């Protein structure tokens, strides 16, 4: 059903205008053939009577108005999916990067998908062990959750993400879908190598768009990754972990397109629909009632100037179910993983923990650790003003707790896969430095069961 | 279908579609767009050219495709069967969509808002020959175990005489009565339609005088909202807006709850859907779902329907109010609605106001919250109320942004959610120093009667202690706690008790999640008694540390978990 037109009307940046078009539809794919036979892809941004505004996915350099041909393909963007995609690496246009031929398609799916009916959703409440204490213990990840990592330039977010991908423990068939947008070649290679080393690559699908690849593909890449993930999860019944990095580059690409279209900008020049657009990515995490399979999302974003109120982390935080905050201070004091648990949050934590899921003391213990660490930080501030000698004995114990928390609970090796019981036990161990009457967040029977009995 | 009723698409840009040959169409008329018949609404007319906002994804739609007019305004269907439903932004039942089309929502799907096959037992309460007025109850239907639905004379009939009326089992589209009016006979069915953008008429607005009891201590005691009032909950992400909205939907003592999930997470709606049928209504013991209607336009559903969703919700709320119920509506979050307005406005190339929001943002927000109120309904001697509680999601937690500011201008209660409290896991993270309620005076009579005068005195004193604590904290930071005087230490200790044992409330604890007004008064009194006794002891010259650790203190923290 494709229609061919000869000659373009205008080329401005990555936008192309074609005139005299008869039948065209919004978001339709367009192939532009240059005079020397090269083919480049784009899609319709605005369809009006007789004319179409096209957003090119690739560069417009070398394109010429009169000789170029525009072929309207009569369909919106699709991704060919099949189980053979596992263990493969693709670029932002779904072309294989590993030198092997394209897998044979089982299905061709619209990359935008359809919104999941809230009525059909299953509320995520299965504990997903990552083996990282700061997450499992205090900001518990749940199967089907979307939990981003808020990081900054130069922080080890990639390490944390791969550690989670390697260690994540799920019961059923487990796959990883990895989408990289605008990251460096080295960073993307780090992910590939890490997955390869541990044999996880065979159950993974990778989509890579590095910093020198076409910017526009960054906008479609996460949608492809998620389309592949949905296929694995809801048609093949697998538990899928989707890692998207770096969402900041995605948003930059979106802003670039928006500016090219001369749209009214919202905050900091990002388009006014940034929230809706991000939601159409993040909301594709989840589970479906009475169906196996799940999509758990861990998007990574680097906050410009470590500023949480920047539109990208801000809008992300409103959509996702919490966030894991990577802290520069902790990183500089040599702690790995440098996760600042206080501003971190997992909204689904309470659903995924407790008896039969983790342990009956988890909830109270986690609240107590939070409160005590928060208090410890407060005391630390006080101590820098007044000096440690001016502190009361209780305050001093909080100071001690705070240090133990960072050294023993938070810190762990990159390769250490900590079981949840171990995480909780460490929690109890370090609480011992606090006076017993300070343990207000835990119910007495739990204190007796886990603190007193173990003492004896 | 006559030919003049169909236009032709000339332009598609996201959710905005422009069509020509639309002469005679009216603003806000509902149209079906394209070959797939996507739902849309006309928002601008220029001669024969109409700008249409489309409530579904427009990818694949192109110029040349038809636009079919319906001649109707965007309306909701009101009748038995609304309760326990979950609708999308334009009142399509999501459970029906799921059973018809699967787990993902396809485009162009049409489903009736109310089950048209289900028969309801209608019991007439007027008889032939009676004269009736607009809004008068004609009969009743037991819609759920909790709520008895009242079938009323629709607002467009001002008065008339009953020609025929019959009790029995009917569907919502069958005639149950006939009324003779000036303009001839009108057939009355249990369901009727009402355009969502027009408020339903009432006889008179009244001043609110009763509190909406929410069971949340910080709200009921310090910052109460009146039945028929409007409240706003602005807060940065992670500060617990949604949990508060859910808590209010669960525990507030309204008869009917309308919960609008506007541009929020899909899982949150799922949580409500899974939880509410299992939770018990504290008033009746029936499942909470039986008094609830859910409207869900999650953040990945089309943006134009988000704009409509708040109106769909509030019109359904007004309908139940007209039956004489106390209705509470929660909208989470109104910021997403405002953003939807902004997105459409930008596509229409309107002149932007502050931060790209359209200049009419303020008036739209004000008009929405003004639909709240305690009213005398049409009909005979019925009073109902509609309380509106809107969450606001200010970008970066910055309260100076336009949506928050415009909301604060019209709502009389402000629950300010604070990031730092949330980080310290103090929930609900309502900042007691910034929040306010302008209803405290209006409600004093009611409170004096229910829990005695001492409650209000305790409240004033407690608030004084909390703000004193904020002052003292500065000093402590400089010179340390030990440097404070005895009475200041007592203030600090009392404030700590207030914070930890009264204001903090665990939404996930079976008992703590809800406190009656009586329990709240007792708890507050316990803390304040500690303070008063402490003051006396200090005057008698007792040692400060002994005063602070008096035995009454230990009992206070146990009160939370005491069953009522």
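Throughout, read-outs are computed from the coordinates displayed, never taken from laboratory work. This one's a predicted model, so the numbers in the text were calculated from it and none came from an experiment. Don't worry about glycine lacking a Cβ; one is built from the backbone with ideal geometry, like all the others, and counts go over all protein chains shown.
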Value at 222 nm in deg cm²/dmol, rounded to 500, when DSSP H runs of n ≥ 4 in chain A each add -39,500 (n - 2.57): -9000 deg cm²/dmol
Quick one: pull the percentage of alpha-carbon pairs in the stretch B:246-395 with a separation above 25 Å. 33
Taking the alpha-carbon set of the stretch A:303-456, what are its Rg and Dmax in Å? 16.8, 53
So what is the 222 nm mean residue ellipticity for chain B from helices alone, if each DSSP H run of at least 4 adds -39500 (n - 2.57) and you divide by all residues, rounding to the nearest 500 deg cm²/dmol? -9500 deg cm²/dmol
Where does each of A:444, B:332, B:419, A:361 land when they are ranked from fewest to most other beta-carbon atoms within 10 angstrom? A:444, B:419, A:361, B:332
Return the whole-Å distance between the Cα centroid of the stretch A:232-262 and the Cα centroid of the stretch A:343-362. 28
Principal axes of the stretch A:79-145: Cα extent on each, largest first, Å: 44, 32, 18
Largest first and in whole Å, what are the equivalent-ellipsoid semi-axes of the stretch B:136-184 based on the Cα gyration tensor, each being the root of 5 times an eigenvalue? 22, 13, 8
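Relative contact order (percent) for chain A, with alpha-carbon contacts under 8 angstrom and 6 or more residues of separation? Don't skip to the end; give the middle numbers.
On the way: 913 pairs, mean separation 73.1, N = 456.
16 percent.
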In percent, how large is the relative contact order of chain B, given Cα pairs closer than 8 Å and 6 or more residues apart? 14
Considering every residue in A:312-320, what mean count of other chain Cβ atoms within 10 Å of its Cβ is obtained? 5
Which percent of Cα-Cα pairs in the stretch A:226-287 sits in each 10 Å bin, short to long? 20, 40, 25, 14, 1
5 Å-binned pair-distance histogram of the stretch A:176-335 (Cα, whole percent): 2, 8, 16, 19, 20, 17, 10, 5, 2, 0
Could you give log10 I(q)/I(0) at q = 0.15, 0.18, 0.23 Å⁻¹ for the stretch B:320-418, computed by the Debye formula over C-alpha point scatterers of equal weight, without solvent? -0.67, -0.86, -1.15
Over the alpha-carbon set of the stretch B:461-564, work out the extent along each principal axis and list the three values in angstrom, largest first. 41, 29, 20
Where the eigenvalues come from the Cα gyration tensor of the stretch A:366-428, what are the semi-axes √(5λ) of the equivalent ellipsoid, largest first, in whole Å? 27, 12, 8
Which whole number gives the average count of other chain Cβ atoms within 10 Å of the Cβ atoms across peptide A:346-355? 2
Compute the angle between helix B:453-479 and the longest alpha-carbon principal axis of chain B, please, reported from 0 to 90 degrees and rounded to the nearest 10. 70
Quick one: divide the alpha-carbon radius of gyration of the stretch A:158-271 by 2.2 N^0.38 Å and tell me what you get. 1.17
Rounded, prolate or oblate: which fits the stretch B:191-294 when a ≥ b ≥ c are the square roots of the eigenvalues of the alpha-carbon gyration tensor, with rounded for a/c under 1.5 and prolate only if a/b beats b/c? rounded
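Apply the a/c threshold of 1.5 to the C-alpha gyration tensor of chain B and tell me whether it is rounded, prolate or oblate. Write down the numbers at each step before the final one.
Values: a/c = 2.51, a/b = 1.65, b/c = 1.52.
Prolate.
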What does the C-alpha gyration tensor say about the overall shape of the protein assembly as shown? Classify as rounded when a/c is under 1.5, otherwise prolate if a/b is larger than b/c, or oblate. oblate
When the Debye formula is applied to the Cα atoms of the stretch A:31-129, each taken as the same point scatterer, what base-10 log of I(q)/I(0) results at q = 0.11, 0.14, 0.20, 0.23 Å⁻¹? -0.55, -0.80, -1.16, -1.25
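What whole-number volume per residue, in cubic angstrom, does the convex hull of the C-alpha atoms of the stretch B:442-521 give? Could the numbers behind the result be given before it?
Details: hull volume 9.2 nm³, N = 80.
Roughly 115 Å³ of hull volume per residue.
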Spin-label pair residue A:84/residue B:27, simplified geometry with 7 Å Cα→Cβ offset, distance in nm: 5.8
Calculated SAXS-style log₁₀ I(q)/I(0) at q = 0.18, 0.20, 0.24, 0.29 Å⁻¹ - the stretch B:242-304, Debye, Cα scatterers: -0.61, -0.73, -0.99, -1.32
Would you mind ranking B:194, B:337 by Cβ crowding within 10 Å, fewest neighbours first? B:194, B:337
Neighbour counts of other C-beta atoms within 10 Å: give me A:362, B:192 arranged from fewest to most. B:192, A:362
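In cubic angstrom, how much convex hull volume per residue do the alpha carbon atoms of the stretch B:21-65 span? Walk me through the numbers before you get to the answer.
Values: hull volume 3.1 nm³, N = 45.
Each residue corresponds to 69 Å³ of Cα convex hull volume.
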When DSSP assigns beta bridges and you keep just the ones with both residues in the protein assembly as shown, what percent turn out antiparallel, to the nearest 5? 65
Over the stretch B:475-530: Rg over Rh, Cα atoms, Kirkwood Rh: 1.12
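Can you give the Rg to Rh ratio for the stretch B:356-400, taking only C-alpha atoms and Rh from Kirkwood?
Numbers: Rg = 15.6 Å, Rh = 13.3 Å.
Computed over Cα atoms, the ratio is 1.17.
Could you calculate, for chain A, the ratio of the Cα radius of gyration to the Kirkwood radius, expressed as Rg to Rh? Can you show the working numbers first?
Details: Rg = 25.1 Å, Rh = 24.0 Å.
On the Cα set of chain A, Rg over Rh gives 1.05.
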Normalised contact order of the stretch B:422-564, rounded percent, pairs of Cα under 8 Å and 6 or more residues apart: 27
Angle between chain B longest axis and helix B:241-251 axis [Cα atoms, degrees, rounded to 10]: 90
Gain on full stretching of the segment that runs from residue B:446 to residue B:115 - 0.36 nm per residue minus C-alpha separation: 115.0 nm
For the stretch A:406-456 and the stretch B:467-529, write down the distance between their C-alpha centroids in whole Å. 27
